[in-house]
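Just so it is clear, none of the values below were taken in a lab; they were calculated from the coordinates. Keep in mind that this is a model prediction, so the values were computed, not measured. So basically every Cβ, Gly included, is an ideal-geometry build from the backbone, and we count neighbours across all protein chains shown.
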Amino acid sequence: MTSRGSAIRYARALFDVAKKEADVQQIGREFSAFASLVSGNEMLGRTLANPAIPVQRKRGVVEQLLARAGTLSPVVSKLLLLLADRDRMALLPEIASAYEARLMDEAQIVRAQLTTAVELPADRISQLQQGLARATGRQVQLETRVDPSIIGGAVARIGSTVYDGSVTTQLEKVKERLTAAAAE
């Protein structure tokens, strides 16, 4: 199984347990904070991900970190110790990401990227966000960026779905039709 698949399984298990025993938002914040601590410290991250370091030493490091962290929920602490015991600490960032995706899915929220040729006013962005929400049936968190190469229009990406209304794409389609008509 790939590390991504394993991370998704751990995140799903953490979410399911958190849903029964704790606040899923708080668990997510705690787990993400611990993952950020590890990834933010290069030496610590390398140590916990190094397969040459014995599992018991890694577990000791995690236990010390948990003791210093203070009030982490038992759900998060148990998972972190389990990951240390199974030598899976390298999965922390992927698990945190998968957990966040699970939280958003549960809350019926999707992330979308909107690319336009020029900066749009806030009211126009809000209108586009509402249109995407109607199209998906979910609340949309919209990230915008400007790319002058699309000439005009907009390109919206939600997961693997792309709504391409850019002038560049429209010109490409016209070119293809003209080329096809000329070849006939």
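Side notes on the structure shown:
- Between ARG111 and ASP23, the modelled labels are 2.3 nm apart [label points 7 Å from Cα along Cα→Cβ].
- Counted charge near ARG59, where neighbours are those whose Cβ lies closer than 14 Å (Asp, Glu -1; Lys, Arg +1): +2
- Taking a ≥ b ≥ c as the square roots of the eigenvalues of the Cα gyration tensor, region 41-140 is prolate, since a/c reaches 1.5 or more and a/b is larger than b/c.
- Using every pair of distinct Cα positions in region 109-183, the Kirkwood expression returns a hydrodynamic radius of 13.3 angstrom.
- C-alpha long axis of helix 24-40 to longest principal axis of the chain, angle in °: 80
- Angle of helix 74-85 to the longest C-alpha principal axis of the chain, folded into 0 to 90 degrees and rounded to 10: 80°.
- Using distinct alpha-carbon pairs, which all enter the 1/r mean, Kirkwood radius of the chain in Å: 19.6
- In whole angstrom, region 4-46 maps to an equivalent ellipsoid with semi-axes of 22, 14, 6, each derived as √(5λ) from the alpha carbon gyration tensor and ordered largest first.
- Among MET43, MET104, the ranking by other beta carbons within 10 Å of each residue's beta carbon, starting with the fewest, stands as MET43, MET104.
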